[in-house]
């Protein structure tokens with residue numbers, strides 16, 4: 001079991017809520033870069049919608065949207081800043097949000113609401129020492 005699977009399993013409730021759940025699959029694709037098939041979603045699905053890049057790519061997207069300080073708080077050792085659904089919409093864009101929500105079988109608003117709750121803790125769990133993990137250690 002890789003670090004990503006462990007983090008998502010703990011965050012989303014173990015075997016019943018890990019990468020087999022729609023949100024677990026989304027988080028796996030966002031944080032893992034979409035390189036593996038998770039919950040029936042191949043890399044051409046969510047990973048393609050996100051443009052790949054894994055955790056580093058995600059942080060770049062937040063920086064490009066003017067929210068680098070928010071994502072940096074999740075990586076750092078201090079408290080995690082919250083992110084709103086509207087901020088996530090701004091980071092990913094409407095088309096990507098719609099693609100991810102469809103892949104998860106959710107309405108975009110519900111998807112963004114859940115993602116805003118789970119993404120900070122997932123990134124925090126992936127960076128326990130305040131640093132991005134080595135690319136090879138983000139396996140599921």
Let me confirm something: among 13, 57, which residue is closer than 20 Å to residue 126 by Cα and at pLDDT 85 or above? 57
On the basis of being at pLDDT below 90 and closer than 15 Å to residue 27 by Cα, does residue 76 make the cut? no
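The values are calculated or read from the model by the stated rules, or taken from the named source; none is laboratory data. What you see is a predicted model; the values in this text were computed from it and never measured.
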